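Nothing in this text is a laboratory measurement; each read-out follows from the coordinates by a stated rule. Keep in mind that this is a model prediction, so the values were computed, not measured. Using ideal geometry, Cβ is built from the backbone for each residue, glycine included, and neighbour counts are taken over all protein chains shown.
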Amino acid sequence: MHFKSMVDCNMAEAWVGDTFRIFPGKYGEDPVWGQANDLKFADGANADEAFNREANEFTVPKMPKNALVGQPGLHGAVWFETVYQDASDKSGRTLYAVYHNENYPATLPYDPKNGTGYIDKNWPQGLKGPTSAAAVCRIGIMKSTDGGRSWDNRGLFIEDHQPRMILKPHNTSNTFAGGVGDPSAVASGDYLYLFYGEYGYPGVYDPKTYDPTKEWNGQCISVARIKLSDLDNPVGKARRWDGKGFNALPDSVGAPVKALQIPRDSAGGPASSPTGGFHWGPSVSWNTYLNCWVMLMGHVTGSSWAGSKIYISFNTNKDLGEGDNAQQWSKPKILLDRPGHILWYPSLQPMNTADDITNKHTCLKLGRRARLFVKDNVPYKSSDYLSEYVIEFEK
């Protein structure tokens with residue numbers, strides 16, 4: 001199955017009544033890649049029907065406008081990575097989109113009054129070559145009360161500031177200058193748990209004292225959480241895991257999930273390195289057949305997000321809030337390897353089965369069988385979001 005619209009992130013989706021709705025694409029200002037208006041939605045009576053829609057069958061939702069430089073509001077481009085559906089709204093129309101947000105010194109210049117934004121000095125190179133800037137990613141929340149036809153920006157979930165950016169001469173990966181992004185969010189108890197890529201320096205970056213092992217030690221896939229009751233006003237409410245509990249502030253230094261880090265003696269490395277060595281882009285779902293959480297993730301082994309493998313990990317603790325349950329993931333194992341390809345954004349998706357339709361499965365909750373989607377890039381040839389495999393789990 002080949003997807004026919006733009007995808008550059010996890011697939012966000014929800015059942016709105018008896019309609020399966022997906023929200024792929026990108027929206028907003030981007031001085032490197034250009035203004036984007038590709039964030040759209042498509043419907044189906046089931047997942048397969050929605051995923052098979054033609055490009056001209058997608059609808060553009062009403063999105064908040066970008067704010068002017070120096071003014072409060074939405075800056076940079078956004079991608080919807082997860083949609084959480086408010087269980088108290090029986091119509092299914094109240095949705096919260098967890099978005100990945102990217103900015104540059106040009107769109108979010110440093111403001112000494114509040115310490116936000118970025119300084120264009122020794123800034124690392126971006127994906128389009130020496131004249132392009134690397135982006136900084138952040139994670140925020142938007143809300144819709146009409147099933148995703150229009151959205152209101154509620155603010156940032158978590159972010160990193162200028163002192164944690166990894167600059168020249170050490171950042172040569174052609175990825176991010178730093179930040180947090182590529183998230184997947186799941187509800188457990190009274191909280192929304194956010195699993196995300198950690199790309200900044202775990203402390204203040206200083207080129208004189210920079211330590212690649214220290215950088216590696218604070219990176220990979222991390223987790224934060226926020227009360228479901230705080231989603232309408234999320235700014236300042238989330239807490240990152242700090243190694244002992246969810247205690248770190250949303251813009252402070254947390255600790256990654258150690259079980260998901262690639263050891264240094266097994267080719268593990270920092271995100272700023274051109275040789276990679278880390279997992280990223282998690283996609284998390286509750287599996288009703290296995291009775292556990294399942295995580296898919298990418299694997300970076302070179303610059304510009306190069307990596308041909310998709311990994312899978314499991315967590316048998318349904319309650320992610322008890323003790324260190326959110327940390328107890330199994331050692332990642334290879335699920336798919338396509339040498340010569342670059343694989344991004346793996347996820348498990350429902351199909352058109354009676355089980356998927358009756359139980360209204362989405363990428364956040366699935367049964368024994370699910371379709372594996374991935375963005376498959378063949379350098380200088382093609383870039384397709386597609387599914388070639390159905391995964392069937394065994395106990």
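A few notes on this one:
- Scanning region 39-62 for residues that are of a type in the set (Asp, Glu) and crowded, with 17+ Cβ neighbours inside 10 Å gives ASP43, ASP48.
- Hey, LEU290 aliphatic (A, V, I, L, M), surrounded by fewer than 18 Cβ atoms within 10 Å (Cβ to Cβ), at negative phi and in contact (Cβ under 8 Å) with a residue 24 or more places away in the chain or not: yes
- Within region 113-134, the residues that satisfy the criterion of being over 18 Å from GLY70 (Cα atoms) and either touching a Leu at 6+ places or on another chain (Cβ under 7 Å) or surrounded by 18 or more Cβ atoms within 10 Å (Cβ to Cβ) (or both) are ASN122, TRP123, PRO124, GLN125, GLY126, ALA133, ALA134.
- The number of residues in region 249-258 that are in contact (Cβ under 8 Å) with a residue 24 or more places away in the chain and more than 14 Å from PHE195 (Cα to Cα) comes to 2.
- Annotation: TRP280 fulfils all but one of (1) surrounded by 22 or more Cβ atoms within 10 Å (Cβ to Cβ); (2) more than 18 Å from THR172 (Cα to Cα); the unmet one is (2).
- Checking each residue of region 273-293 against the condition of being touching a Gly at 6+ places or on another chain (Cβ under 6 Å), of a type in the set (A, V, I, L, M), more than 19 Å from GLY321 (Cα to Cα) and in a loop (DSSP other than H, G, I, E, B) gives no match.
- Among the criteria (1) touching a residue at least 60 places away in the same chain (Cβ under 8 Å); (2) under 15 Å from ASN287 (Cβ atoms), the one ASP355 does not fulfil is (1).
- Looking only at region 50-71, residues that are small (Gly, Ala, Ser), in contact with a strand residue (DSSP E or B) (Cβ under 8 Å, 6 or more places away or on another chain) and on the phi < 0 side of the Ramachandran plot come to 2 in all.
- ILE312, sole failed condition from (1) closer than 16 Å to PHE195 by Cα; (2) in contact (Cβ under 8 Å) with a residue 40 or more places away in the chain: (2)
- Boolean, ILE226 is outside any loop (DSSP other than H, G, I, E, B), crowded, with 19+ Cβ neighbours inside 10 Å and touching a residue at least 24 places away in the same chain (Cβ under 8 Å): yes
- Residue in region 259-277 that is under 22 Å from GLU13 (Cβ atoms) and either among the acidic types (Asp, Glu) or touching a residue at least 40 places away in the same chain (Cβ under 8 Å) (or both) present: no
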